[in-house]
1. Only residues that are farther than 23 Å from His19 by Cα and buried (at least 19 other Cβ atoms within 10 Å of the Cβ): list them for the stretch 45-73, please.
2. Given (1) assigned by TED's automatic domain parsing to the domain that holds Glu113; (2) touching a residue at least 60 places away in the same chain (Cβ under 8 Å), where does Ile215 come up short, assuming only one miss?
3. Determine if the stretch 106-114 includes at least one residue that is of a type in the set (Val, Ile, Thr), touching a strand residue (DSSP E or B) at 6+ places or on another chain (Cβ under 7 Å) and assigned by TED's automatic domain parsing to the domain that holds Thr59.
4. Please give the number of the condition Gly127 fails out of (1) at pLDDT below 95; (2) surrounded by 18 or more Cβ atoms within 10 Å (Cβ to Cβ).
5. Within the stretch 217-232, is even one residue exposed (fewer than 13 other Cβ atoms within 10 Å of the Cβ) and within 30 Å of Thr8 (Cβ to Cβ)?
6. How many of the residues in the stretch 159-178 are among the acidic types (Asp, Glu) and under 11 Å from Leu149 (Cα atoms)?
7. Regarding the stretch 197-214, can at least one residue be identified that is of a type in the set (S, T, N, Q), surrounded by fewer than 16 Cβ atoms within 10 Å (Cβ to Cβ), in contact with a strand residue (DSSP E or B) (Cβ under 9 Å, 6 or more places away or on another chain) and modelled with pLDDT of 90 or more?
8. Residues Arg135, Arg234: which one is in a helix (DSSP H, G or I) and either outside the structural domain of His271 (by TED's automatic domain parsing) or within 14 Å of the chain's Cα centre (by Cα) (or both)?
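The values are calculated or read from the model by the stated rules, or taken from the named source; none is laboratory data. Keep in mind that what you see is a predicted model, and the values were worked out from it rather than measured. Don't worry about glycine lacking a Cβ; one is built from the backbone with ideal geometry, like all the others, and counts go over all protein chains shown.
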Amino acid sequence: MIEARELTKRYGGKTAVDHLSFTVRPGLVTGFLGPNGAGKSTTMRMVLGLDTPCSGSVTVGGRSYGRLPAPLRTVGSLLDAKSVHGGRTVRKHLLGLARSNAIGRRRVDEVLELVGLTEVADQRAKGLSLGMGQRLGIAAALLGDPEVLILDEPVNGLDTEGIRWIRDLLKSQAAQGRTVFLSSHLMSEMELTADHLIVIGRGKLLADTRMREFIETNSQGGTLLRTPDEEAGRMRTLLEAHGATVQMDARGPWRVTGLTPVEIGELARGHQLAIHELTPVFSSLEEVYTNMTQSSVEFRGGVQDAEHETKELVR
């Protein structure tokens, strides 16, 4: 379990983390979300003792990280997969970590097999692809068979098979009673992986709730509607005349807001229009998250900014 209490970190006049309190519980995959600059990485670094809070505290299993007798056996972490000596082989990198925490060679072979790096175990780290380097970082996090996993953007560089693999791995780790704390900007994958969410913006807590509750509570909702092509125009005109908003949905049919499924069905029946699909839906995690954090985005891109930067480079 990870417990943060009034955790605060300032850099000069900037407050990166602002009186942040939360608990990451075992048996769940907990997603950690926030815009760039929200304080996610700083928070994770404080959990791992890499940054010292200005005030407040954070513990893992009831102890600060610095007081853990065998850190790798308690906490496995991945903050930056590139922080590996490029001249060492994959196996030697893991062996060095293992020996520092009295972990046997057999465990090194186990994690190499687990993450799919056995065939490149004697290859130097600098020769690994981005995805393979990410797998090496995950192998290091799993090395001590830890009670707690802290992973920052673990799917970076992974292909589709690799993303599914890490999703299943994290779910299995949580199912075994471990604490899994996961940061990612890939919302679609987070929605499939996480059971619980902690959302921050500008260093402050915005939400601490179960995934489904977060989406359903903050969702604009709507109804997926599919009709015969020859009746689509009449159906849309009818719905809009009764105050509905009709938009195309990525899943194929229309998405209708402003009317309930029952109201849509009754309108169609009254005008003898056929319906092939009428499915209530909630917003995606990405939609809900974007709406919630809009005012907390610190670094915002735009066409004008990009054009200005291009002109400056030309000069």
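1. Selection gives Pro71, Leu72.
2. Answer for Ile215: the failing condition is (1).
3. Going residue by residue through the stretch 106-114, those that are of a type in the set (Val, Ile, Thr) are 108, 111.
Now narrow it down to the ones that are touching a strand residue (DSSP E or B) at 6+ places or on another chain (Cβ under 7 Å): none.
No, the stretch 106-114 contains no residue that is of a type in the set (Val, Ile, Thr), touching a strand residue (DSSP E or B) at 6+ places or on another chain (Cβ under 7 Å) and assigned by TED's automatic domain parsing to the domain that holds Thr59.
4. (2)
5. Yes; the residues of the stretch 217-232 include at least one that is exposed (fewer than 13 other Cβ atoms within 10 Å of the Cβ) and within 30 Å of Thr8 (Cβ to Cβ).
6. If we filter the stretch 159-178 for residues that are among the acidic types (Asp, Glu), which is where we start, we get 159, 161, 168.
From what's left, under 11 Å from Leu149 (Cα atoms): none.
Total satisfying the criteria: 0.
7. Going through the stretch 197-214, the residues of a type in the set (S, T, N, Q) turn out to be 209.
If we keep only those that are surrounded by fewer than 16 Cβ atoms within 10 Å (Cβ to Cβ) as well, we get 209.
Then drop every residue that is not in contact with a strand residue (DSSP E or B) (Cβ under 9 Å, 6 or more places away or on another chain), which leaves 209.
Restricting the remaining residues to those that are modelled with pLDDT of 90 or more gives 209.
Yes, there is a match, as at least one residue in the stretch 197-214 is of a type in the set (S, T, N, Q), surrounded by fewer than 16 Cβ atoms within 10 Å (Cβ to Cβ), in contact with a strand residue (DSSP E or B) (Cβ under 9 Å, 6 or more places away or on another chain) and modelled with pLDDT of 90 or more.
8. Testing whether each residue is in a helix (DSSP H, G or I) and either outside the structural domain of His271 (by TED's automatic domain parsing) or within 14 Å of the chain's Cα centre (by Cα) (or both) leaves just Arg135.
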